[in-house]
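Accompanying notes for the structure given below.
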Amino acid sequence: MNGEPGFETRAIHAGQDPDPVTGAVVPPVSLASTFAQTAVGVHSGFEYARTGNPTRAALETCLASLEGAARGLGFASGMAAEDAVLRTLRTGDHIVIGTDAYGGTFRIVSKVFEPMGITWTSVDLTDLDAVRNAMRTETRMVWVETPTNPLLTIVDIAAVSAIAHEHGARCVVDNTFATPYLQRPLPLGADVVVHSTTKYLGGHSDVVGGFVATNDLELADQLAFLQNAVGAVPGPFDCYLVLRGVKTLAVRMDRHCANARAVVALLTEHPKVSRVLHPGLPNHPGHDIARRQMSDFGGMVSFLVRGGRDEALEIVRRTKVFTLAESLGAVESLIEHPAQMTHLSVAGSPLAVPDNLVRLSVGIETAADLVADLSRALGGPG
Ligand code: PLP
């Protein structure tokens with residue numbers, strides 16, 4: 001093979017050579033909590049499973065490869081991954097964070113780290129002058145999400161990373177919505193990528209997990225120290241589930257993107273919908289940036305209901321193929337009302353979302369069934 005293997009090949013093989021003892025083509029789920037040493041300190045690379053575990057090591061190698069990272073670290077959830085990155089800050093440090101970051105990110109920053117003396121400013125990251133103005137001498141981190149949850153705003157990763165670097169800060173990108181199949185922030189200039197592997201990487205709504213990837217080896221050592229010292233590690237079976245999910249990431253994402261296009265076509269024509277938010281739409285303010293930094297536009301679609309909050313609540317109650325539930329990124333289609341579900345924790349804050357907003361995680365079912373289901377729920381023909 002010439003050069004580096006392709007994305008799909010790495011998704012299936014990176015970190016997953018056949019087991020040297022049995023030849024098993026799937027990495028074994030290593031349940032052991034401790035590993036034998038032949039003499040004190042002489043071992044196979046694993047001592048104690050909080051510090052390192054073979055199934056977790058396979059996952060870390062695979063996901064780091066997909067993100068183009070030198071190092072990757074697995075965590076018990078996306079929030080545990082975010083926590084580790086934020087713990088590298090010290091009292092007095094300042095973070096710049098987007099105005100429509102995931103509600104849990106806003107919550108951990110404002111309710112966990114702010115009381116420990118970390119300050120933060122939320123700013124519209126699509127306004128590069130506003131980003132520059134928000135930077136202070138004590139700014140250490142700019143926290144980017146793109147596309148954002150749930151408004152699907154697109155942030156220019158290269159431009160924001162450059163501003164962060166001019167001010168001696170790191171740019172962290174939450175790549176949960178795009179996945180490394182559609183967008184790789186590190187080659188674009190970001191310093192750190194975080195994931196909720198609960199979403200597209202796991203892909204089947206059956207595991208909660210998180211991941212951090214970086215090419216900064218000093219930071220990776222610091223994060224590995226925190227992973228072990230704090231101990232918010234994923235269990236071996238959870239690592240296996242994410243590894244299994246990642247093998248089909250590319251084909252799933254292609255179908256998520258195609259089905260999202262079919263749903264967007266229905267919604268943009270529908271009289272009950274006042275606005276469709278999807279970066280694939282040419283009139284989306286971030287469309288050109290998305291074309292540059294993503295290979296396709298993803299499976300998340302949000303829309304504003306003309307009839308307001310009550311009608312939005314009716315629509316999410318009426319769908320049958322789209323299940324009313326939180327979370328996203330799995331094979332089955334989900335529908336939700338962010339203001340009262342995923343984003344309830346930011347109600348009344350500058351990050352509050354409109355109450356006529358509906359968010360769809362478009363799954364990989366038959367596209368015509370998804371379109372017919374939404375059409376019925378919206379009260380149209382179909
Ligand atoms: N980042 C984004 C963009 C998310 O949507 C979520 C969860 O919904 C998280 C982080 C947190 O991940 P987890 O639920 O795995 O802790």
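The values are calculated or read from the model by the stated rules, or taken from the named source; none is laboratory data. Computed from a predicted structure; not experimentally measured. Cβ sites come from the backbone with ideal geometry, for glycine too, and all protein chains shown count toward neighbours.
When Trp143, Trp120 are checked against the criterion of being within 27 Å of Ala290 (Cβ to Cβ), free of Cβ contacts under 8 Å to residues at least 40 places away in the same chain, assigned by TED's automatic domain parsing to the domain that holds Phe177 and among the aromatic types (Phe, Trp, Tyr), a single residue qualifies: Trp120. Looking only at residues of segment 54-110 that are away from the ligand (no atom under 15 Å from the Cβ), of a type in the set (Val, Ile, Thr) and under 20 Å from Lys199 (Cα atoms), we find that the one that is surrounded by the most Cβ atoms within 10 Å (Cβ to Cβ) is Thr55.
Just a yes or no: is a residue in segment 300-313 closer than 15 Å to Leu152 by Cβ, of a type in the set (Ser, Thr, Tyr) and either modelled with pLDDT of 95 or more or away from the ligand (no atom under 16 Å from the Cβ) (or both)? Looking for residues that are closer than 15 Å to Leu152 by Cβ, of a type in the set (Ser, Thr, Tyr) and either modelled with pLDDT of 95 or more or away from the ligand (no atom under 16 Å from the Cβ) (or both), one finds at least one in segment 300-313, hence yes. For segment 334-357, the candidate set comprises residues that are in contact with a helix residue (DSSP H, G or I) (Cβ under 6 Å, 6 or more places away or on another chain), within 16 Å of the ligand (Cβ to nearest atom) and modelled with pLDDT of 95 or more; within that set, the residue that is farthest from Tyr200 (Cα to Cα) is Leu357. Within segment 152-162, the presence of at least one residue that is farther than 17 Å from Val194 by Cβ and without any contact (Cβ under 8 Å) to a residue 40 or more places away in the chain is confirmed.
Residues that are polar (S, T, N, Q) and surrounded by 10 or more Cβ atoms within 10 Å (Cβ to Cβ): does segment 18-29 have at least one? No.
Helices (runs of 4 or more DSSP H) fully within segment 43-109 that include at least 3 residues being modelled with pLDDT under 95 and in the same structural domain as Thr119 (by TED's automatic domain parsing): 103-107. Residue count for segment 202-226, restricted to those that are within 15 Å of the ligand (Cβ to nearest atom) and buried (at least 23 other Cβ atoms within 10 Å of the Cβ): 7. If only residues of segment 187-201 that are crowded, with 24+ Cβ neighbours inside 10 Å and over 11 Å from the mean Cα position of the chain (by Cα) are counted, the one that is farthest from the ligand (Cβ to nearest atom) is Ala190. Here are some conditions: (1) part of a strand (DSSP E or B); (2) among the β-branched types (Val, Ile, Thr); (3) within 16 Å of the ligand (Cβ to nearest atom). Thr121 meets all but one. Which one does it not meet? The one condition Thr121 does not meet is (3).
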